[in-house]
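To start, the structure itself, in structure tokens.
The values are calculated or read from the model by the stated rules, or taken from the named source; none is laboratory data. This is a predicted model, so every value here is computed, not measured. Quick reminder, even Gly has a Cβ in these numbers, built from the backbone with ideal geometry, and neighbours come from all protein chains shown. Note: accessible area is taken over every heavy atom of the protein model, side chains too, but ligands, DNA and RNA are not part of it. Shrake-Rupley method; radii C 1.70, N 1.55, O 1.52, S 1.80 Å.
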Amino acid sequence: AQSVTQPDIHITVSEGASLELRCNYSYGATPYLFWYVQSPGQGLQLLLKYFSGDTLVQGIKGFEAEFKRSQSSFNLRKPSVHWSDAAEYFCAVSEYSGAGSYQLTFGKGTKLSVIP
Amino acid sequence: NAGVMQNPRHLVRRRGQEARLRCSPMKGHSHVYWYRQLPEEGLKFMVYLQKENIIDESGMPKERFSAEFPKEGPSILRIQQVVRGDSAAYFCASSLQEYNEQFFGPGTRLTVL
């Protein structure tokens, strides 16, 4: 079974600093990979996705992520963090379940705090 | 273009009552997924439906939980005889095709007293 690991539970950065959130997955084939963001009390918003092709993918709000097959990683980056980026970030993998669905398997999430 | 709609946003039930959660997918989407977010456990898949069909319910508890997605109207997640452990946020997501990215609704936060 596939799994997703987000090793950092909580990260604090200063506004304007760069950000990297780590994500590692275990999956045999080439996975479909996603990053979602969740603000308190809200739903999940899709930041970006990787299906195939260029391993550096651009998303919304200035985020990007790089797929590295050799490291089984899909880390999320942003060059300059804004206070409004404070939220919880989830990495997810989609795999055909064998029972007919492409269900998402999520990491436990990384909570980002931004210091003014 | 409206996103995924869920209602109610908050639902309070007493133990033993029924909870009924509704989800309207994005326009043009016929694939619906339900996930549950429990404290300390994260987001877990429950069930995947297409119109009038349950495709994959491997993540659904075997008792008290059921889901449907009728030809007309929203998808419904139904929890009978709720217990305190059912308190969680329940999210619905929809996609254009089964392998496409999933778009999430705002969730229903269920509290069982």
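The rows are residues; the columns are (1) assigned to a loop (DSSP other than H, G, I, E, B); (2) free of Cβ contacts under 8 Å to residues at least 40 places away in the same chain.
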{"site": "B:PRO61", "(1), (2)": "yes, yes"}
{"site": "B:SER66", "(1), (2)": "no, yes"}
{"site": "B:PRO70", "(1), (2)": "yes, yes"}
{"site": "B:LEU77", "(1), (2)": "no, no"}
{"site": "B:GLY85", "(1), (2)": "no, yes"}
{"site": "B:TYR90", "(1), (2)": "no, no"}
{"site": "B:ALA93", "(1), (2)": "no, no"}
{"site": "B:GLU101", "(1), (2)": "yes, yes"}
{"site": "B:THR111", "(1), (2)": "no, no"}
Subject >> Hits in segment A:39-55 - residues which are free of Cβ contacts under 8 Å to residues at least 12 places away in the same chain and exposed (fewer than 12 other Cβ atoms within 10 Å of the Cβ) >> reply: A:GLY41, A:GLY53, A:ASP54
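Looking at segment A:29-38, which of its residues are open to solvent by less than 50 Å² (accessible area, probe 1.4 Å) and modelled with pLDDT of 90 or more?
From segment A:29-38, those open to solvent by less than 50 Å² (accessible area, probe 1.4 Å) are A:31, A:33-38; that's our starting set.
Within segment A:29-38, A:LEU33, A:PHE34, A:TRP35, A:TYR36, A:VAL37, A:GLN38 meet the criteria.
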Original post:
When segment B:10-59 is examined, which residues are found to be open to solvent by 80 Å² or more (accessible area, probe 1.4 Å), part of a loop (DSSP other than H, G, I, E, B) and under 24 Å from A:TYR89 (Cβ atoms)?
Top reply: B:PRO39, B:GLU40, B:GLU41
Original post:
Which one is farthest from B:PHE103 (Cα to Cα) among residues in segment B:27-53 that are of a type in the set (Ser, Thr, Tyr) and at pLDDT 95 or above?
Top reply: B:TYR48
**OP:** Would you check if A:GLU64 is open to solvent by 20 Å² or more (accessible area, probe 1.4 Å), within 14 Å of chain B (Cβ to nearest Cβ) and either among the small types (Gly, Ala, Ser) or in contact with a strand residue (DSSP E or B) (Cβ under 7 Å, 6 or more places away or on another chain) (or both)?
**Re:** no
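So which residues in segment A:67-106 are among the hydrophobic types (A, V, I, L, M, F, W, C), outside any loop (DSSP other than H, G, I, E, B) and open to solvent by 40 Å² or more (accessible area, probe 1.4 Å)?
Step one: filter segment A:67-106 for residues among the hydrophobic types (A, V, I, L, M, F, W, C), giving A:67, A:74, A:76, A:81, A:83, A:86-87, A:90-93, A:99, A:104, A:106.
Going one step further and asking which of them are outside any loop (DSSP other than H, G, I, E, B), we end up with A:67, A:74, A:76, A:83, A:87, A:90-93, A:104, A:106.
Correct list: A:TRP83 only.
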